[in-house]
Amino acid sequence: SMPRGSGAAQSWTEVGAWHDTATLFRRGLDRYPNDPVMHYDLALALEHQGQFVRAERHYRESLKIRPRSAQALNNLGNLMFKEGRPGEARALYERALEIRPGWPLALNNLGNALRSLNRPDEAIARYREALAHEALEDSGRSLHAVLANALGTLLVRQGRSAEALAVLEPVAGERDPRLLATLAAAYLMQEDLVRADETAVRALSL
């Protein structure tokens, strides 16, 4: 585990770095006002600074110049989601997926938006689709764990513990406390108290 206080120092450094980056991209935009990448990069830097209104403006500028950027659509969707606008986020993720079908990241984000809109069955379908495509892309274990946990959580909430275990057990080796807590809940529903206890202890130790 990290020494006490190092997390705070790290976040300060990151904010400082993003501040300098934003300044850099702003200067670049002065020279190249119609460059979609400059708008996109500035939006990203502003988002990391928590300046969501300004970030949204630059994402939209980027999309005006290059409307078929799946990445910009996905990121603008994330911004809408953070601002508590899941309906708008959903529409943006769907547009991103029209351009880049089967993109696991956008499918995961769409699942999150649908879940927030209280459409759990549609969210489950998107998470399953994301997992299937992610396995083909092999885009990193961390995304797989995030997807498995999102899907597992919804299945547990619906009382579908056997389906949840089928999704969660293959990634139980991941050092992800949230995923292990969901797995423990699935074991508990199955009345497998020994495994539930072991898994909960592992989750807490992380």
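The values are calculated or read from the model by the stated rules, or taken from the named source; none is laboratory data. Quick caveat: nothing in here was measured; it's all calculated off a predicted structure. Ideal geometry is used to build each Cβ from the backbone, glycine not excepted, and the neighbour counts take in all protein chains shown. Note: accessible area is taken over every heavy atom of the protein model, side chains too, but ligands, DNA and RNA are not part of it. Shrake-Rupley method; radii C 1.70, N 1.55, O 1.52, S 1.80 Å.
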Projected onto the charge dipole of the chain (+1 at Lys/Arg Cβ, -1 at Asp/Glu Cβ, origin at the Cα centre), which of His133, Ser161, Ala186 gives the Cα projection farthest towards the positive end? His133
Among Glu122, Glu83, Glu191, residue whose mean-square fluctuation peaks in a GNM of the chain (springs only between Cα atoms under 10 Å): Glu191
With the crude spin-label approximation of a point 7 Å out along Cα→Cβ, what separation in nm comes out for Ile99 versus Lys64? 1.6 nm
Over segment 46-164, what percent of the accessible surface lies on carbon and sulfur atoms, probe 1.4 Å? 49 percent
Only helices counted: for the chain, with every DSSP H run of 4 or more residues adding -39500 (n - 2.57) and the sum spread over all residues, [θ] at 222 nm is -25500 deg cm²/dmol
Measuring with a 1.4 Å probe in the full set of protein chains, what accessible area per residue, in whole Å², belongs to the chain? 55 Å²
GNM top mover of Met80, Met38, Met189 - the chain, alpha-carbon springs below 10 Å: Met189
Let me know the charge dipole size of segment 24-129 about its Cα centre in debye, to the nearest 20, where only the beta-carbon of Lys, Arg (+1) and Asp, Glu (-1) is charged. 120 debye
Give me the dipole magnitude in Debye, nearest 20, for the chain about the Cα centre, with unit charges on the beta carbon: positive for Lys and Arg, negative for Asp and Glu. 660 debye
Starting at the first residue of segment 144-156, write each ³J(HN,Hα) from the Karplus equation 6.51 cos²θ - 1.76 cosθ + 1.60 with θ = phi - 60°, in whole Hz, x for Gly and Pro. 4, 5, 4, 5, 4, 5, 4, 5, x, 4, 5, 5, 4
Dipole check, the chain, charges on Cβ (K,R +1; D,E -1), about Cα centroid: among Ser142, Ala203, Leu97 the Cα furthest to the positive pole belongs to Leu97
Dipole size in debye (nearest 20) for segment 67-136 around its Cα centre, Lys and Arg Cβ +1, Asp and Glu Cβ -1? 100 debye
Highest mean packing first, using Cβ neighbours within 10 angstrom, the peptides 149-157, 26-34, 172-180, 194-202 sort as 149-157, 172-180, 194-202, 26-34
Over the alpha carbons of segment 158-206, what is the largest minus smallest coordinate on each principal axis, giving the biggest first in Å? 26, 19, 15
Rounded to whole Å and sorted largest first, what semi-axes of the equivalent ellipsoid does the C-alpha gyration tensor of the chain yield via the square root of 5 times each eigenvalue? 36, 22, 13
